[in-house]
Amino acid sequence: MTEFNFTRRKLLARGAALPLAGLAVFGVSRAAAAGAAPACADPNVLDSGQMSIRESLNYVEQSKDPMKVCNGCGFLKDVKGSCGNCDIFNGPANVSGHCDSWSPKA
């Protein structure tokens, strides 16, 4: 008989990592399928806190509403090419992206 050596802590840690990995794979494949510009932030490099805030704000690399893109948001700074730095995420965001905290530039 095989004995499993799983603790609740190990199970929770592994269980928490699966949705993040799935989200990263889904996001990269979705951007590639849509022919969108490459992601400004590599999901494999972002820590769980950065991924969590992006997920909680429903951030997408390509906005469905062309009038509400990160490039027109007051929180996007230091734009270089198709990427800028978002004050909300404290990290990179695509100029064509969108999140629930979008606010027009003043």
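For a straight C-alpha distance cut-off of 17 angstrom, the aspartates and glutamates reachable from LYS64 (same-chain residues fewer than eight places away being disregarded) are GLU55, ASP100.
Each of the peptides 61-67, 39-45 was scored by the mean count of other Cβ atoms within 10 Å over its residues; in descending order, highest first, they stand as 39-45, 61-67.
Here the calculated FRET efficiency for SER56 and LYS77, from their Cβ-Cβ distance with R0 = 25 Å, stands at 0.75, rounded to the nearest 0.05.
Readers should treat all values here as calculations from the given coordinates under stated rules, not as data from a laboratory. Nothing here was measured: the structure is a model prediction, and the numbers come from that model. Every residue, glycine among them, receives a Cβ derived from its backbone with ideal geometry; neighbour counts consider all protein chains shown.
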